[in-house]
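The values are calculated or read from the model by the stated rules, or taken from the named source; none is laboratory data. Because the structure is a prediction, the values reported are computed rather than measured. Every residue, glycine as well, gets a Cβ built from its backbone with ideal geometry; the counts of neighbours run over all protein chains shown.
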Amino acid sequence: MLTVPMDAAKVADCRSLAASVARDVQTYVDAHTSVGVERTTLRALGVEGADDQGAPLVNLLVDRYAAAGLLDRGIATFIGRSLLAGAADAQDAAERLAFGPALDDPSQGPGAPEARQALESLTQRAIERIDQARDTRERTKARLQAGPAPLKYVIVATGNIFDDALQAKAAAFAGADIVAVIRATAQSLLDYVPHGATTEGYGGTFATQENFRIIRQATDEASEKHQRYIFQTNYSSGLCMSEIAWMGAVERLDMLLNDAMYGILFRDINPCRNFIDQYAARRIIARSKIIINTGEDNYLTTADAVEKAHTVLASQFLNEAFAKTAGVQEAYIGLGHAYEIDPSIENSFLLELAQAQLIRQVFPDHPIKWMPPTKFKTGDIFQSHVHDAMFNLVGITTHQSIELLGMFSEAIHNPMVMDRYLSLKSARYVFSTARALGDEISIRPDGLIAQRAVDVLNQAHELLAQVASEGMWKAIERGAFADVKRSTTGGKGYKGVFQKHANYINPWMTALEGGS
Amino acid sequence: MIRASSSDAQASAPLRAYGDRRNDGMVQMSFVLEIAPSVRAKEAARQFAELHGLSEVLITTMEPCADGLTYFVAYGHSRHAVDPAAIHVPEVATEVLSRDAIEALVKERLGRKIVVVGACTGSDAHTVGIDAILNYKGFAGDKGLESYKAFEAYNLGAQVENDQLIERARALNADVILVSQIITQRNCHKENARALIDLASAHGLRDRVVMLLGGPRIDHKLALELGFDAGFGQGTKPSDVASFIATTVCAR
């Protein structure tokens, strides 16, 4: 059986260091809310729709109360008061509040406890919607069964949700277990979720609730047809991270790309905003038993995969700690990593094997997501296909849980139907031909692979100790992750952050936190 | 990048594809047709390949890759030939210099650092190209512009709007603006690049600043058409760009 040396005490210490970092950040999160979290609350209470300009009602309302300096009470306060004042339902309440001539004055009339009480049945209904979607998913999964690990994950990215639906079915036909719809470029920077089905998008397809419904239906049909459960994936990231988590939960998505720090590092989203939003998103995700996919693979596209491998492991401990803080169980924390070492380096395959096996051992119960080479891909599709085959060999040997398949046309264009077919065909071959390899071989305890695993864990431990002593905010400021530096008050979305008032309420989030 | 130098043209014989023997014209194609696999489908694929100029076509693979779609691999002899002597393409004319030569050239001719400002513009979030050229680490052992004494390199990162880029270039008194466009759909990279040139002209910068465009879908010809001084495509190394910048700025 393939194992690399792993100092269990050191791993335990890494976990406790990461937990202390997450706890420190959580004291800030608990005291704050954001426009994104408040919009999510409105959606959960049943507010939908957009005006004739496409501006969602949840944005119009939240922006109005934010501009008036009242959002620190929590938007639920006003919905609750409006219901007490005679609004028929949350939608009616939201329209009155967004378009009524005067702002509601929370210093008059019913207080927070009464408002909370008025929201009781809507809160319960919101939780039920998540639970029902989850139960339907779990039943279908139990009936149809997923394919064997590593689950073969492919992407579709046409820009048109109806084309995506066709491509998703084609992918299922060719053997895919997971279909992800790549999001339109830069959607993460939109501070609203577009409304309705969309047929135009650059670099991908907009994540909207209606698009989720359309693509879910396509993969449901494919699941039945092939009698194999097909997972549906999208992105809970960017400025609408928590709203999209809600949409994914009720539209029965199986996985969401969701990372505690990705937005900060790679989309220049304000760190405060990001930590507040990821917590709310993960509370929803925890309830709905969606599997998160974290984004540590991205670190290696900006930083060097040999020198900075330990930052991936350190970040995984942190992502795990943040996810657990939000109630996500280990079986749903899909930590990410990647095969991104320069292939011209001699024995780079051994280094990849060491890292993949180390991560498998450190996180034995987690659905680890293994990402393919991208950085050193060129337009030579034939060479690229071989590169991906080596990646697949590490994936099966080290028992990765989820494998995003490499495409030989990486660095050229979005995958075409043929590219995806050949990628799946070759993954099927490698996974089958080497199925039990990892159970049969062992490595030299004093060799290169073993030493590499030891080094990476040691360095990750050092980094975590440093982050724990300086705090997360400082660590991000000095570029501890992915060689990217971000200041606490810089980046996008900071003005959407508010300190909670003493009378802040968010009964729905409170219910999620209570697990009731 | 691939450079078609004029010396290639000395072979006056038309070029044909080379497989096993000279001038046999052997090529392979792979494609998908919207038909289920069958004898008729195979014949359709053979005829499809023939229409592309292949003779003695062999369909070596026919497999269903989705409902109603079939994936084919074909081999055949291409009858086509091209005459390299009749080809005229613009190419980046400067020589690739060694690191020492670049440092010496800039020190002697200019006596100061060349200021280079680079960014991925528009909605493009993919910095892999600009990072490879500008950042110290470079790509595949070829170190980036930051590693040269001759350059002062600023990497503005991703999703930079054209007006932000021009503003920074003015503030830094840039000699060179380097734009990377990786992700593109329906030619949005071209429109965005052209708009940058217009903006630079409107600010009176265009004649004072060397403007370069890079990305997997960019070539020198396209960059010139869009109004840039040079274009760098797939496979460009930092030292290619460094050589061009040093030579061009010093010659001005």
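Scanning region A:299-309 for residues that are buried (at least 24 other Cβ atoms within 10 Å of the Cβ) and in a helix (DSSP H, G or I) gives A:299, A:300, A:309. Given the condition closer than 22 Å to residue A:503 by Cα, part of a loop (DSSP other than H, G, I, E, B) and out of contact with any Pro (no Cβ under 7 Å at 6 or more places or on another chain), answer yes or no: does some residue in region A:30-48 qualify? The answer is yes, given that some residue of region A:30-48 is closer than 22 Å to residue A:503 by Cα, part of a loop (DSSP other than H, G, I, E, B) and out of contact with any Pro (no Cβ under 7 Å at 6 or more places or on another chain).
Of the listed requirements (1) at negative phi; (2) in contact with a strand residue (DSSP E or B) (Cβ under 8 Å, 6 or more places away or on another chain), residue A:49 misses just one: (1). Taken together, the criteria exclude residue A:349 from residues that are among the aromatic types (Phe, Trp, Tyr), buried (at least 19 other Cβ atoms within 10 Å of the Cβ) and part of a helix (DSSP H, G or I). Can you find a residue that is closer than 20 Å to residue A:300 by Cβ, surrounded by 22 or more Cβ atoms within 10 Å (Cβ to Cβ) and β-branched (Val, Ile, Thr) anywhere in region A:375-393? There is no residue in region A:375-393 that is closer than 20 Å to residue A:300 by Cβ, surrounded by 22 or more Cβ atoms within 10 Å (Cβ to Cβ) and β-branched (Val, Ile, Thr).
Quick one: which residue in B:143, B:137 is crowded, with 17+ Cβ neighbours inside 10 Å, of a type in the set (Lys, Arg), within 14 Å of chain A (Cβ to nearest Cβ) and without any contact (Cβ under 8 Å) to a residue 12 or more places away in the chain?
B:137
Across region B:212-226, the number of residues qualifying as farther than 25 Å from residue A:376 by Cα and either buried (at least 22 other Cβ atoms within 10 Å of the Cβ) or in contact (Cβ under 8 Å) with a residue 12 or more places away in the chain (or both) comes to 3. Tell me, please, whether a residue that is in contact with a His (Cβ under 8 Å, 6 or more places away or on another chain), facing chain B (nearest Cβ under 10 Å) and at pLDDT 90 or above can be found in region A:169-177. Checking region A:169-177: at least one residue is in contact with a His (Cβ under 8 Å, 6 or more places away or on another chain), facing chain B (nearest Cβ under 10 Å) and at pLDDT 90 or above. Evaluation of residue A:2 against the conditions (1) part of a helix (DSSP H, G or I); (2) in contact with a Ser or Thr (Cβ under 9 Å, 6 or more places away or on another chain); (3) buried (at least 18 other Cβ atoms within 10 Å of the Cβ) shows that the sole unmet condition is (1).
Return the residue satisfying two criteria in turn: it lies in region B:227-252 and is buried (at least 21 other Cβ atoms within 10 Å of the Cβ) and assigned to a loop (DSSP other than H, G, I, E, B), and of such residues it is nearest to the other protein chains (Cβ to nearest Cβ). Looking at residues that are buried (at least 21 other Cβ atoms within 10 Å of the Cβ) and assigned to a loop (DSSP other than H, G, I, E, B), I get B:236.
With a requirement of 1 or more residues that are of a type in the set (D, E, K, R) and within 12 Å of chain B (Cβ to nearest Cβ), the helices (runs of 4 or more DSSP H) lying completely within region A:364-483 that satisfy it span A:417-433. Within the set A:331, A:354, A:323, the sole residue that is surrounded by fewer than 24 Cβ atoms within 10 Å (Cβ to Cβ) and either outside any loop (DSSP other than H, G, I, E, B) or away from every other protein chain (no Cβ under 14 Å) (or both) turns out to be A:331. Checking each residue of region A:67-81 against the condition of being surrounded by 23 or more Cβ atoms within 10 Å (Cβ to Cβ), closer than 19 Å to residue A:505 by Cβ, without any contact (Cβ under 8 Å) to a residue 40 or more places away in the chain and more than 31 Å from the chain's Cα centre (by Cα) gives at least one match.
Pairing each residue of region A:90-113 that is at positive phi with any residue that is assigned to a helix (DSSP H, G or I), provided the two are 6+ apart or on different chains, yields C-beta distances under 8 Å for A:109/A:81; A:109/A:84. Inspection of region A:259-267 finds no residue satisfying the criterion of being of a type in the set (D, E, K, R), surrounded by fewer than 23 Cβ atoms within 10 Å (Cβ to Cβ) and over 26 Å from residue B:159 (Cβ atoms). Say whether the condition of being surrounded by 21 or more Cβ atoms within 10 Å (Cβ to Cβ), more than 14 Å from every other protein chain (Cβ to nearest Cβ) and free of Cβ contacts under 8 Å to residues at least 60 places away in the same chain is met by at least one residue in region A:182-201. No. Of all the listed residues (A:253, A:239), the sole one being in a loop (DSSP other than H, G, I, E, B) and either surrounded by 20 or more Cβ atoms within 10 Å (Cβ to Cβ) or within 12 Å of another protein chain (Cβ to nearest Cβ) (or both) is A:253. Restricted to helices (runs of 4 or more DSSP H) entirely inside region A:83-166, those with at least 3 residues that are modelled with pLDDT of 95 or more, surrounded by fewer than 15 Cβ atoms within 10 Å (Cβ to Cβ) and not acidic (Asp, Glu) are A:120-144. Assessment of region B:101-111 against the conditions (exposed (fewer than 12 other Cβ atoms within 10 Å of the Cβ), in the same structural domain as residue B:130 (by TED's automatic domain parsing) and either touching a residue at least 60 places away in the same chain (Cβ under 8 Å) or not aromatic (Phe, Trp, Tyr) (or both)) yields at least one matching residue.
Residues of region B:89-138 that are of a type in the set (Val, Ile, Thr), within 16 Å of the chain's Cα centre (by Cα) and not in a loop (DSSP other than H, G, I, E, B): B:128, B:130, B:133. Every condition in (1) within 14 Å of residue A:476 (Cβ to Cβ); (2) within 14 Å of another protein chain (Cβ to nearest Cβ); (3) of a type in the set (Val, Ile, Thr) is met by residue A:311 except one, and the failing one is (2). The residues of region A:202-221 that are of a type outside the set (Gly, Ala, Ser), under 17 Å from residue A:56 (Cα atoms) and surrounded by 24 or more Cβ atoms within 10 Å (Cβ to Cβ) amount to a single one, A:211.
Regarding residue A:338, is this residue within 14 Å of chain B (Cβ to nearest Cβ), surrounded by 22 or more Cβ atoms within 10 Å (Cβ to Cβ), more than 20 Å from residue A:175 (Cβ to Cβ) and of a type in the set (Gly, Ala, Ser)? Judged against the criteria, residue A:338 is a match.
Out of the residues in region A:465-506 that are over 24 Å from the mean Cα position of the chain (by Cα) and surrounded by 14 or more Cβ atoms within 10 Å (Cβ to Cβ), state the one that is nearest to residue A:275 (Cα to Cα).
A:500
Going through (1) closer than 18 Å to residue A:482 by Cβ; (2) away from every other protein chain (no Cβ under 14 Å) one by one, residue A:349 falls short only on (1).
Could you check, for region B:185-196, whether at least one of its residues is within 11 Å of chain A (Cβ to nearest Cβ) and surrounded by 20 or more Cβ atoms within 10 Å (Cβ to Cβ)? Yes. Total residues in region A:258-294 satisfying the condition of being of a type outside the set (D, E, K, R) and either more than 25 Å from residue A:19 (Cβ to Cβ) or within 14 Å of chain B (Cβ to nearest Cβ) (or both): the figure is 6.
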